[in-house]
1. In whole Hz and in residue order, list the ³J(HN,Hα) couplings for segment 33-42 that follow from phi through the Karplus curve 6.51 cos²θ - 1.76 cosθ + 1.60, θ = phi - 60°; x for Gly and Pro.
2. Using packing as a proxy for protection, rank 60-71, 108-119, 76-87 so that the peptide with the highest average count of other Cβ atoms within 10 Å comes first.
3. Just the number, please: Stokes-Einstein D of the chain in µm²/s, Kirkwood Rh from C-alpha pairs, 37 °C, 0.692 mPa s.
4. Can you give the charge dipole size of the chain about its Cα centre, rounded to the nearest 20 debye, using +1 on the beta carbon of Lys and Arg and -1 on the beta carbon of Asp and Glu?
5. By how many degrees, between 0 and 90 and to the nearest 10, does the Cα long axis of helix 2-22 differ from the longest principal axis of the chain?
6. Helix 104-128 sits at what angle to the longest principal axis of the chain, using alpha carbons and giving 0 to 90 degrees rounded to 10?
7. Counting other C-beta atoms within 10 Å, which of 35, 7 has the fewest, and how do the rest follow?
8. Rank the residues 75, 104, 99 as a footprinting-exposure proxy: fewest other Cβ atoms within 10 Å of their Cβ go first.
Amino acid sequence: MKTAFKWIFDISLLVMIALAFVYPQSVATNVVAIWAWFGIVVSTMLMCAGIVGQCAWVKDGKSGIADLTRRAFGLAIRIRLRRQFRFVITTAVMTACLLNAGMLTVALCYLGSLLSFRFLRSLLLMFTGRTSCPAPSA
């Protein structure tokens with residue numbers, strides 16, 4: 001059921017993006033912009049929660065990474081190459097769609113928030129000594 005829902009959601013989002021490319025002033029463009037704002041809000045809230053959790057953790061005199069920070073940045077989850085590729089393609093297509101519709105501010109905020117979240121996640125993974133992708137099997 002989970003994979004079916006994911007496929008339905010992905011296909012409907014791709015249809016909205018395709019319609020937004022064809023008709024830049026349509027409702028589909030608004031759906032893509034709303035999805036971008038949702039991504040901005042979620043990634044910003046996760047970054048704030050992780051940073052506040054880590055600051056509180058350090059203030060208490062503890063060392064290492066806080067549990068809240070681990071959960072907020074998903075440090076226990078290893079992202080596969082397929083999911084990384086999907087993230088890059090989706091981000092690029094949504095940004096191109098927003099730029100095509102003339103929503104420069106939304107596109108820049110979307111890119112800034114998602115890329116800063118990924119950068120902080122990679123930085124925390126580097127400090128903990130983990131790799132962001134699993135090692136390829138021989």
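1. Here the 3J(HN,Hα) series is 5, 5, 5, 5, 5, 4, x, 4, 5, 5 Hz.
2. Numbers: 60-71: 13.4, 108-119: 16.7, 76-87: 11.6.
Packing order, densest peptide first, comes out as 108-119, 60-71, 76-87.
3. Details: Rh = 16.7 Å.
The diffusion coefficient I find is 196 µm²/s.
4. Working: 14 positive and 3 negative charges, 110 e Å.
Computed charge dipole of the chain: roughly 520 debye.
5. Orientation of helix 2-22: about 50 degrees from the principal axis.
6. Between helix and principal axis, roughly 30 degrees.
7. Ranked by crowding around the Cβ, least crowded first: 7, 35.
8. Details: 75 19, 104 10, 99 13.
In order of increasing Cβ crowding within 10 Å: 104, 99, 75.
Since every read-out is calculated from the coordinates, none of them should be taken as a lab result. All figures in this text were calculated on a predicted structure; none of them were measured in a lab. Virtual Cβ from ideal backbone geometry, glycine too; neighbours counted across all protein chains shown.
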